[in-house]
Amino acid sequence: MIPERSLEVLRAIVEDYVQTNQPVGSKSLLDRHPLGVSAATIRNDMAVLEEEELIVAPHTSSGRIPTDRGYRLFVEQIRNLSAVSNPEKKAIESFLDKRLSLEEMLQQSAKTLSQLTNSLALISYPSFGNSYVRHVELIAINDSRCLVMLISSSGQIQQEVAILQSAVTDELLQDLRGRLNGQLSGQPLSEVSSKSKDLQVELSKSAQAAIKPIIATLDGLVNENRQEKVAVSGAANLVRTEADFDGFAPLLEMMEEQVVLLKLLREIELERDGLGVSIGSDNNFASLEGASVLIGEYGEGDGSARVGVLGPTRMNYQWNIASLRAVARYLTKSLNGN
């Protein structure tokens, strides 16, 4: 059992090392933190931490730095304390206030999370393969453009503009809307393509040609639900922290492989609080031995997916956990239409 004061010293060492990237000594700890004890007592606590392999001296007579095990214990101590301020919450909410497609929302979310954490952000696309159609809406913008909206049982609203090859009358658009909802409402998304093709056969050849771009756009929205993809942002952040990684090139190569990134997001087990943490040697990928990965989840049921942050083990865990949870929370709200 590690004494509480020794844990306080560990927290102070991690915080100082994350900030300065320099080994931390007893004198600097006393200067920066109100620990209320002597330098000799601090050195005794550091000896306890070193014996438990929570900190290590990188050089003879130097200060100490956290080990992977030390970071792990630190995260366990602070994971329930993480929170973002109200102004920061509003900054995160601001990008969700915009009317964005699913693709745009996830890409923007990844960009925002990478900026908040100064790390690489990863967001897997939600899979709605088991969802069904709730409603299809068609809205004429002008003679050559029609907004196609797909609302699924998960609450997700997808939309895209169809570029028409010929003008579609209001009567034909109203008829098509009624036919689509009559045949697709309550049907699995996997049935949309075949049933929409069957529907076209019922129309005249001229009507079929006119609505073809609308049906193709609807199929595209359904296919988005089947794609296993990851929105990635923040590679430049890793370049700036290159000195923290061994074998930086393999890490960059890994980032280009969607299958590998999906595997990374899936393999880390989430704890009861919805957070998964993999630090240094915990990682199954050799290129991540100098990295930490934080994983959360957003969405609900069939539409749930993972969101993650990847950076050096010397990262600001408390802030990154708070940012990860905040983005996951607002993504869930957005998918639910709240």
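Laid out as a table, the results:
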read-out: Inter-label distance, nm, simple model (7 Å from Cα along the C-beta direction), K89/V37; value: 3.7 nm
read-out: Sequence ranges 209-218, 177-186, 162-171, ranked by mean other-Cβ count within 10 angstrom, highest first; value: 209-218, 177-186, 162-171
read-out: Peptides 6-18, 256-268 ordered by average Cβ neighbours within 10 Å, highest first; value: 6-18, 256-268
read-out: Value in Å of the Kirkwood radius, where the chain supplies the Cα pairs that are averaged; value: 22.7 Å
read-out: Hydrodynamic radius (Kirkwood) for segment 252-302, which is based on Cα pairs only, to one decimal in Å; value: 11.9 Å
read-out: 0 to 90° range, to nearest 10: angle between helix 192-201 axis and the chain longest Cα axis; value: 10 degrees
read-out: At q = 0.11, 0.15, 0.22, 0.28 Å⁻¹, base-10 log of I(q)/I(0) for segment 4-78 (Debye sum, equal scatterers on each alpha carbon); value: -0.21, -0.41, -0.94, -1.60
read-out: With eigenvalues of the C-alpha gyration tensor scaled by 5 and rooted, segment 110-190, Å; value: 32, 19, 8
read-out: Relative packing of 193-206, 322-335, which averages over residues the other C-beta atoms within 10 Å, highest first; value: 322-335, 193-206
read-out: Degrees between helix 317-335 axis and first principal axis of the chain (Cα, 0 to 90, nearest 10); value: 10 degrees
read-out: Modelled FRET efficiency - R0 56 Å, D143 with I2, Cβ distances, 0.05 increments; value: 0.20
read-out: Nearest 10 degrees, 0 to 90: helix 258-267 Cα axis against the chain principal axis; value: 60 degrees
read-out: Partners for K205 among lysines (Cα-Cα distance below 23 Å; same-chain residues under 8 apart left out); value: K195, K197
read-out: Alpha carbon centroid spacing (whole Å) that separates segment 267-322 from segment 175-205; value: 41 Å
read-out: Rg over Rh [alpha-carbon atoms, Kirkwood Rh] for segment 145-201; value: 0.96
read-out: Contact order relative to length of segment 4-78, as percent, for alpha carbon pairs under 8 angstrom and 6 or more apart; value: 37 percent
read-out: Contact order relative to length of the chain, as percent, for alpha carbon pairs under 8 angstrom and 6 or more apart; value: 21 percent
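None of the figures in this text is laboratory data; all of them are computed from the coordinates on show. Fair warning: this is a prediction, and the values are worked out from it, not measured in the lab. Positions of Cβ are backbone-derived with ideal geometry, glycine not excepted, and every protein chain shown enters the neighbour counts.
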